[in-house]
Amino acid sequence: MALNDATPPQVKPYVPDFGSEAERLRPVEIPEARAAYRLVLPGVMQVGVDTVFAMSRKSSLWPMTFGLACCAIEMIGTFMANHDLDRFGIVPWPSPRQSDVMIVSGTVTKKMAPAIKLLYEQMPNPKYVISMGACATNGGPYTEYDRVLQGVDKIIPVDVYVPGCPPRPESLLDGFLALQRKIMEEKRTVG
Amino acid sequence: MSNAATTEEFPGVAALIHKHLPKAQFVASRTSNDVDIRTDPAHLIELVEGLKSRPELAFDYLRNVVGLDMEAEGLEVKYHFYSFAHNLHVQVSVPTPPGNPHVPTLTHLYAGADWHEREAAEMFGLVFDGHPNPKNLLLEEDLRIHPLLKAHPLQKVEILQGIEEPTPGFKF
Amino acid sequence: MSYYDTWSAVLVAFIAGGVLVFSALFAAKLFAPYARERGKAVSYECGMLPIGRNWAQVHVRYYLVALLFLMFDVETVFIFPWVVTFTALPKFVFYEMLVFIGVLAAGLTYAWRRGVLEWR
Amino acid sequence: MSIWPEERVLPLERDGLNTVDMTINVGPQHPATHGVFRMVLTVDGEVVVDCEPYIGYLHRGLEKLTESADYRQAMGWWDRTDYLAGMCCEMAYCMAVEKMAGIEVPERAEYIRVMMAELSRINSHFMFLGAFGADVGSFGTSFIYAWRERERIYDFFEEVAGDRMFPTYFRPGGVQMDLPANCESRVRGLISSIRQGIEDFDGLLTGNEIFVERCQGLAPMTTERAINWGITGPILRATGLPWDVRKAEPYSVYDRLDFEIPTGKQGDIFDRYFVRLAEVYQSTRIVEQCLEQMPGGLVLNPDLPKTLRIDKGECYIRTEGTKGEYGVYAMARGGNKAYRMKLRSPSFSNLAALKEMVVGSYLADAIIILGSLDIVLGEVDK
């Protein structure tokens, strides 16, 4: 059966090891995201390009549906017809590869932390994180239990915190509007 | 467990059980809403097999497996059984001596006991002898802590995250 | 010399296609803020580390079904222009195509009887 | 003279080519797992050969925290277990505390509790219908239908108790405050729109040829096997056993209400879906009867102590949650904090039988089987 054993040489890709607890809960390193046009275009013309890109990014934010707990039900409620998010160009997308925003909706446990870090790293830049609900912000009602991570910003950088347990769909909507304002303000620094 | 099998007072279901399983040693008592029979790990399997196999009892549904940390008296396991045929409910408590929390497993009798026992084992440090797959269920695989024990502390709440020292005179 | 005789239209289409494709690729390279994060190259497995090998031999029936699909896909490519124009063409063109369809139908029944289409 | 060659393309068993089984990780972040549940499927071609479920990604220490809080404070954690039907869990928790402390609940509060619990059950079943439609194939449509009704029920909850999902409207000893004045007409309107919602789903899914073709006869479960696994709720009733805690061991005022228990025939996926759809109708009948039979009077037991102290008590309260038998085992040994509160969660036992149902089916059907269990990770991981 020599024919069948000829598997191609396995190129060992980088795979993070989540062996120990410290490694699992280590915050994500955020390398500097460089865009080539910063070097090519002179300073004046960059403003125009930045504005165009910021406006296009803010009006088509694709969130990665990442429902952890009860906040996920309110997040789905926000996507549905009564508090429609599609009118802002916000289309729920299951995979991190094509999404811009990660909505962490629910309690972040220490068993789930490495998965959240990996998903965050697998999202293409520029990416944003909305920490939805008290649980994602600082552990919420479950803060005292030692298997619960006290806030998702211990492992990934968070852009907008939405208060509430669970936050009403309107407050998640407000969170998205705040994120859009933030994108417009930070347009000079993102590329 | 003094096998004072002569205690007459068998409330409710315990009388039926005693009638059909005369050899089983247990002490019957009554909780707020159902009957509790106490036995020890050695006689558990024999009692449960009797409960399940006797047609008059037919306790074919293992409802619940509750682990308990009674601090001084060691760990304890409580099983709740229900019989669909006769609409009967009974609670079986199995106290274990403080030293060795060993209880025989029921997975060969009830398939549903598998996950319940794994959860009680990892939460209290109980050991279910003969369990097919005694890995952690709710905690990570390599974690050897038992969170639900009374001795296990809660986590300190970090009130001021990121702000090193609060403004003077500001107390939580 | 009507416009359609010359081949310039084809050239323009070719150039426009090339420009479109390469400008899209080049724009992405130019404008996208790329950060070389370590976890970005890890294959996406719902948030978990990839387990098992991604290079797995699969049962041969899937290959055969793919072959069948390809064959009948190409067949429809040939049938389509015929269907559109055979009424204006002479009679024998119709029967010629029936022969073509008949041959492919024979191939399909052979594959069906050989059990290729049984999915289990 | 047969012109066809004898041997056929061998279907499944090993045929010389040692095909390798691929492991597919349907992991915590997956649209079909309704939350953070992970199962590693070993797949040979398209047939699932082995399934290894992993839970615990949402283990938030419900039982540990309950031991560190007063009886009335702990309810906040308990209605976040089955976060699709908050008030069913609140009812079970309050009944456990009342049974141990021996508190009497006024008549009117019992009826309000049953009505609100049944509305929460409708709410949770609509979420199942929405999510199950998405699993089978209609990605957005069934969700939109489901949320039309859910938003109306949430609006009613907000009017009555102030919050949409977790109103913490129940108290040990009754209900926090009385219903609003126009509650009668509001509920009647709600019931008619829910019945309209049932017809819509009936037309959308039950009448759909593809849906019926995919779900009929898939993973049938026999009653004995379900009882052995400890499966309860709509999945057990789908196997044909009309067993419902509200009828078998009636609690609160369920013995005064009449409603049928819908059952299925072979316990396959379509029966589970249909039992839940029929249950929604039965719940609307219960809500109507509650409205008619509701007496006047107090809604909260007047002589409740300032801080609830229970010196000695132990009980196991079992109620019919939306997913099955939602049981609360409670033990008190003095002081105002519970000594031990254990949640017997229906989804935990239903999910344990997943491997037996999934092995042998196709990969796409494994997703539907998981969807038909209607698990909620808040109560599976406690």
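Structure values in brief
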| read-out | value |
| --- | --- |
| Residue match in region D:104-120 (condition: over 18 Å from the mean Cα position of the chain (by Cα), assigned to a loop (DSSP other than H, G, I, E, B) and closer than 30 Å to residue D:369 by Cβ) | no |
| Some residue of region D:271-282 being under 16 Å from residue D:120 (Cα atoms) and polar (S, T, N, Q) | yes |
| Wholly enclosed strands (runs of 3 or more DSSP E) of region B:19-121 bearing at least 1 residues aromatic (Phe, Trp, Tyr) | B:61-69, B:75-83 |
| Residue count, region B:61-89 (criterion: farther than 19 Å from residue D:63 by Cα and touching an Asp or Glu at 6+ places or on another chain (Cβ under 7 Å)) | 3 |
| Candidates D:84, D:65, D:58, filtered to the one that is in a helix (DSSP H, G or I), within 8 Å of another protein chain (Cβ to nearest Cβ) and of a type in the set (A, V, I, L, M) | D:65 |
| Matching residues in region C:50-77 - criterion: being of a type in the set (A, V, I, L, M, F, W, C) and at pLDDT 85 or above | C:64, C:65, C:66, C:67, C:68, C:69, C:70, C:71, C:72, C:74, C:77 |
| Conditions (1) buried (at least 22 other Cβ atoms within 10 Å of the Cβ); (2) over 20 Å from residue A:83 (Cβ atoms); number of the one not met by residue D:138 | (1) |
| Wholly within region D:208-317, helices (runs of 4 or more DSSP H) carrying at least 1 residues that are of a type in the set (Val, Ile, Thr) and without any contact (Cβ under 8 Å) to a residue 40 or more places away in the chain | D:223-229 |
| The one condition in (1) in a helix (DSSP H, G or I); (2) among the aliphatic types (A, V, I, L, M); (3) within 8 Å of another protein chain (Cβ to nearest Cβ) that residue A:190 fails to fulfil | (1) |
| Hits in region D:281-323 - residues which are within 14 Å of another protein chain (Cβ to nearest Cβ) and touching a strand residue (DSSP E or B) at 6+ places or on another chain (Cβ under 9 Å) | D:310, D:311, D:312, D:313, D:314, D:315, D:316, D:317, D:318, D:319, D:320, D:321 |
| Residue selected from region C:22-45 under the condition touching a Pro at 6+ places or on another chain (Cβ under 9 Å) and of a type in the set (A, V, I, L, M), by the criterion surrounded by the most Cβ atoms within 10 Å (Cβ to Cβ) | C:42 |
| Residues located in region A:31-44, provided they are surrounded by 12 or more Cβ atoms within 10 Å (Cβ to Cβ) and either assigned to a helix (DSSP H, G or I) or more than 7 Å from chain C (Cβ to nearest Cβ) (or both) | A:37, A:38, A:41 |
| Per-region count, region D:149-162, residues surrounded by fewer than 19 Cβ atoms within 10 Å (Cβ to Cβ) and within 9 Å of chain A (Cβ to nearest Cβ) | 1 |
| Residue match in region A:76-97 (condition: within 11 Å of chain C (Cβ to nearest Cβ), part of a helix (DSSP H, G or I) and more than 27 Å from residue B:139 (Cα to Cα)) | yes |
| Residue count for region A:15-30, restricted to those that are within 18 Å of residue A:129 (Cα to Cα) and either at pLDDT below 85 or surrounded by 13 or more Cβ atoms within 10 Å (Cβ to Cβ) (or both) | 4 |
| Within region C:6-34, considering residues that are more than 28 Å from the chain's Cα centre (by Cα) and over 30 Å from residue A:188 (Cβ atoms), the one modelled with the lowest pLDDT | C:6 |
| Residue selected from region A:51-75 under the condition assigned to a helix (DSSP H, G or I) and more than 10 Å from every other protein chain (Cβ to nearest Cβ), by the criterion farthest from residue D:26 (Cα to Cα) | A:51 |
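The values are calculated or read from the model by the stated rules, or taken from the named source; none is laboratory data. Please read all numbers here as calculations on a predicted model, not as lab measurements. Positions of Cβ are backbone-derived with ideal geometry, glycine not excepted, and every protein chain shown enters the neighbour counts.
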